[in-house]
Amino acid sequence: MSAQAQMRALLDQLMGTARDGDETRQRVKFTDDRVCKSHLLDCCPHDILAGTRMDLGECTKIHDLALRADYEIASKERDLFFELDAMDHLESFIAECDRRTELAKKRLAETQEEISAEVSAKAEKVHELNEEIGKLLAKAEQLGAEGNVDESQKILMEVEKVRAKKKEAEEEYRNSMPASSFQQQKLRVCEVCSAYLGLHDNDRRLADHFGGKLHLGFIQIREKLDQLRKTVAEKQEKRNQDRLRRREEREREERLSRRSGSRTRDRRRSRSRDRRRRRSRSTSRERRKFSRSRSRDRHRRHRSRSRSHSRGHRRASRDRSAKYKPSLCNLGCLELKSLLLLQLPEC
């Protein structure tokens, strides 16, 4: 990579896709499914194991340092929970690596001569001391490269002690095996990176293995996987607690709403009872008023009928009396006629 490309990648990593106003780069967001979530979390095996014996080639998903910067900026404001996708990716990769390790162990068990359990334990002890020497040498080289010479010298002194233990363990293993069988190379599969380790490997070979990019890359991947599992478990526990708290709050609100609703219904019922009572009272009053008015009307009609009946009776009696009694004029005419009759001479 040229110096200009390195500077561009550094700026992308620091400032994201919008560092120079390039809108074409913003068409793909870091939330897109095409973007590798393991790359955003800096744990994609395609990046970590690049250039090693187990180079996986280019990842099928998008890798962009600018998108990683966008994710880091956005993750400070809200939880995107990309750790779950990255954990699934690393788990599938480590499961495949462990499967290869078991197959390699099975092939070694089939090809190498059978030995007793005691001899196997002694050989295992030699392998463990070899691993310890290799790890200490790799650490001493790293400290020396960083300029920490004193710590590097202390570790080299520890390496000499482990070498002495290894020499004793090899003597015990040699004494328990025939000479012809001891000269045979005994292999072991590395539990971390599934590489083959020899029982008689020298210190340089062990240091190159345990300090190499392949072995350290697998250590980084496994440590990142453990960290992701812990982070996902904590976030899931937090989500469950938040969900439980929201459920309790919702149930509490529902209980309060039911209580308030029952109180409202009670108030409505009491109001409706009061209204019914008032209506019944007003209705009874109206009925009483109506009954009284009807009784008064009946009384008035009765009185008017009685009055009219009495007036008609008196009128009829007067008419009858007038019919049968002569008037004063009639009486006067009769008297006059009788006087005239009396005065006429007899014939």
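The values are calculated or read from the model by the stated rules, or taken from the named source; none is laboratory data. Predicted model only: the values in this text are computed from it and were never measured. Positions of Cβ are generated from backbone atoms using ideal geometry, with glycine treated the same way; all protein chains shown enter the neighbour counts. For the accessible areas, the whole protein counts, side chains as well, though only heavy atoms, and no ligand, DNA or RNA atoms are used. Shrake-Rupley method; radii C 1.70, N 1.55, O 1.52, S 1.80 Å.
Using 0.36 nm per residue of separation minus the Cα-Cα distance, give me the extension gain between D242 and R273 in nm, one decimal.
On the way: separation 31, 0.36 × 31 = 11.16 nm, distance 4.53 nm.
So the chain would gain 6.6 nm between D242 and R273.
So how do S280, S270 rank on accessible area, 1.4 Å probe, biggest first, that is with the largest at the start? Mind dumping the intermediate values first?
Numbers: S280 65, S270 40 Å².
From most accessible down to least: S280, S270.
For V35, which sequence-distant residues (separation of 5 or more, or a different chain) have an amide H within less than 5 Å of its own amide H, given hydrogens modelled in the peptide plane?
I62
In the neighborhood of Q142, defined by Cβ-to-Cβ distances under 12 Å, what is the net charge if each Lys or Arg adds +1 and each Asp or Glu adds -1? Write down the numbers at each step before the final one.
Working: positive: K135, K139; negative: E141, E146, E151.
Net charge in that neighbourhood comes out at -1.
How much length would be gained if the chain were fully extended between D42 and L156, taking 0.36 nm per residue of separation minus their Cα-Cα distance, in nm to one decimal? Working shown, then result.
Numbers: separation 114, 0.36 × 114 = 41.04 nm, distance 3.27 nm.
Full-extension gain reported as 37.8 nm.
Around S152, with a cut-off of 10 angstrom between Cβ atoms, what is the net charge of the other residues, counting Lys and Arg +1 and Asp and Glu -1?
Details: positive: K139, K154; negative: E141, E146, D150, E151.
Charge balance in the 10 Å sphere: -2.
Over region 124-254, with the other protein chains present, what is the accessible area per residue in square angstrom, probe 1.4 angstrom? Intermediate results must be reported in sequence, preceding the final value.
Numbers: 8140 Å² over 131 residues.
Accessible area per residue, region 124-254: 62 Å².
Could you tell me which of S272, N130, Q227 has its Cα farthest along the dipole of region 124-276 towards the positive end, charges placed at Cβ (Lys, Arg +1; Asp, Glu -1), taken about the Cα centre?
S272
Run the paramagnetic zone check for K167: 7 angstrom along Cα to Cβ, then residues of region 199-242 with backbone nitrogen under 18 Å.
Once the point is set 7 Å along Cα→Cβ of K167, 200-204 turn out to lie under 18 Å by backbone N, inside region 199-242.
Quote the FRET efficiency, to the nearest 0.05, computed for R229 versus S262 with a Förster distance R0 of 56 Å and r equal to the Cβ-Cβ distance. Could you put the intermediate results ahead of the total?
Details: r = 49 Å, r/R0 = 0.87.
E(calc), rounded to 0.05, equals 0.70.
Efficiency by 1/(1 + (r/R0)^6): what FRET value for E141 and R174, r their Cβ-Cβ distance, R0 = 25 Å, to the nearest 0.05? Walk me through the numbers before you get to the answer.
Details: r = 30 Å, r/R0 = 1.19.
Computed FRET efficiency for E141 and R174 comes out at 0.25.
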